[in-house]
Amino acid sequence: PVAGSISGPSSVCVGSAISLTDPAAGGTWSSTAPSVATVGSTGSVFGVGSGVAVISYSVSNTCSTVAAVHTVNVVPSGVGPIVGPDTICAGSFVTMTDTTAGGSWSVSNSTATITGGGVLTGISMGVDSITYTVVNACGTAVTTKVMTIGAYLTAGTILGGNSVCAGSSITLTDAAPGGVWSASNSNATVTGGVTTGVAEGVDTILHTVTSS
């Protein structure tokens, strides 16, 4: 038997099809990786998933079996989602990933930077948009992810008196915004910085600021 030589494209997009031909009659088509590419009885190859598949055309008779082979690269026609956290603190870094290989990274403004390997560094407080772009034979595919860059916070300094009579109140202040006031025990209560003595003793007043 003569297997001939397979002719046709060497790549196909995921979700698309190409046609392969072979001049030898009576052969059978097969794929080494059906999860990457399948091939029909007429030589039509369909891209299933990214990767490489070897397509064979086998011809048999009573003497032997011979095969012609053709390598097909299956190229993604889209791009997967960006994987990584939604928030990062200014001055810290995290590695963003994407299941689609071969893309390029970029950010929309100067609140963060990102390397070609996907290492994102927070620069200043704000919101940035991360973009991952893949360009191949199937076209250009883009995916984005919104990232919030938070600032490391300070709890400020509590200002005000350090003694109060039981049954009386004093007002404490702290310049750091968004904090929560609390007392460490039941000798005093505090609401919005207004501290009221409850019983004789010592209490610690706290001003706690929290963010991501």
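Within the stretch 130-212, which chymotrypsin sites (Phe, Trp or Tyr not before Pro) sit in a loop by DSSP and count at most 16 neighbouring Cβ atoms inside 10 Å?
Tyr152
Would you please put 166-175, 50-59, 187-196 in order of how densely packed they are, using the mean number of other Cβ atoms within 10 angstrom per residue and starting with the highest? Numbers along the way, then the final one.
Working: 166-175: 13.6, 50-59: 18.5, 187-196: 16.3.
In descending order of packing, they fall as 50-59, 187-196, 166-175.
Kindly report the accessible area of the stretch 139-211 per residue (heavy atoms of protein chains, probe 1.4 Å, no ligands, DNA or RNA), in Å².
61
Per 0.36 nm of contour for each residue apart, how much would the distance between Ala67 and Ser19 grow if the chain were fully extended, relative to their Cα-Cα spacing?
15.5 nm
At a 1.4 Å probe radius, carbon and sulfur cover how many percent of the accessible area of the stretch 31-127?
The computed percentage sits at 60.
Read through the labelled values [x] 63, 27, 17; [y] 38, 21, 14; [z] 71, 17, 10 and report the label of the one computed as semi-axes √(5λ) of the Cα gyration tensor in Å from the structure.
[z]
Heavy-atom accessible area of Ile205 with all protein chains present, probe 1.4 Å, nearest 10 Å²?
40
List the cysteines in the chain whose Cβ has no other cysteine Cβ under 4.7 Å from it.
So far as the 4.7 Å Cβ criterion goes, Cys63, Cys89, Cys165 stand without a partner in the chain.
What does the accessible area of Ser11 come to, in Å² to the nearest 10, when a probe of 1.4 Å is used?
The accessible area comes out at roughly 50 Å².
With charges only on Cβ, +1 for K and R and -1 for D and E, what is the dipole size of the chain about its Cα centre, in debye, rounded to 20?
Dipole about the Cα centre, nearest 20: 500 debye.
Compute the signed sum of charges (Lys and Arg +1, Asp and Glu -1) over the other residues within less than 14 Å, Cβ to Cβ, of Asp86. Please report the intermediate quantities before stating the final value.
Details: positive: Lys145; negative: Asp128.
Every neighbour counted, the sum reads 0.
The values are calculated or read from the model by the stated rules, or taken from the named source; none is laboratory data. What you see is a predicted model, and the numbers here were worked out from it, not measured in a lab. FYI the Cβ positions are ideal-geometry reconstructions off the backbone, even for glycines, and counts take in every protein chain you see. We work out accessible area using only protein heavy atoms, side chains counted, and drop any ligands, DNA or RNA first. Shrake-Rupley method; radii C 1.70, N 1.55, O 1.52, S 1.80 Å.
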